[in-house]
Amino acid sequence: AVSYIRNVVQDGELELLTAVLFEATVDEASIDSIDGTASNVEGPFYVGGAPMLDGATPALPMRADEPGKQLTFSGTVRSTDGRPLVSALVDVWQADDAGLYSQFAPGIPEWNLRGRVRTDEEGRFAFRSVVPAPYDIPGLPHTARLLDVLGLEPHRPAHVHLKIAAAGHRDLTTQVYFAGDPWLEHDVVGAAKPSLVTELRDVPGAERSDRACTFDFVLAPADSG
């Protein structure tokens, strides 16, 4: 066991392995008494400092020929008392149509499918992206070996990551999943909470079979919990 752990550290797999095995448990233990939208694991692919995006429904940075179905993601950010949170910061990152993250997979532009938006006077926000793909976590040798011993398959359901911050409120790190995903009940991380699942809707008249979804977030005051 000591040799295994030493090799995990030496080969740079510690962050991935701990995220897969322990992050969901830590998340559940640390936020159980906090009101508002359920938190979720950050995962190993977050990068701070994503571009700020302007406009009513800006597009996340993406390639001109970005593969996948177009997605419009909209929602609101409110406090637990129902007040809209104005100028809340919504930091978004996600995998692409192949399940790959920029800055962690070769050949993808630096900030691809990463960006930040602010809510308006009514707490609303929206952005355009592509529908992310379900994916298998990286098949690195030590992580794959342990998952095999534990009898776990490496699948993650499709999801969008978000970090949301508003003055006077607790920061929220979470993920939003999509109904009908075959891996919702078989998430290797064990993080796909039912309260974080939304519906993907067809956009009428769209040329590329575009999709849309809505999710409203509730942040707890900073002095709660």
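A short reminder: the numbers here are calculations on the coordinates, not readings from a lab. Predicted model, so just to flag it, every value in this text is computed and none were measured. Note: ideal-geometry Cβ built from the backbone for every residue, glycine included; neighbour counts use all protein chains shown.
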Q | Intensity falloff of the stretch 152-206 expressed as log10 I(q)/I(0), Debye formula with alpha-carbon point scatterers, at q = 0.13, 0.14, 0.23, 0.31 Å⁻¹ | A | -0.43, -0.49, -0.89, -1.22
Q | Residue-span extension gain [residue 200 to residue 103] - 0.36 nm each, minus C-alpha spacing | A | 32.2 nm
**Q.** Packing-based order for 110-118, 197-205, using average beta carbon neighbours within 10 Å, highest first
**A.** 110-118, 197-205
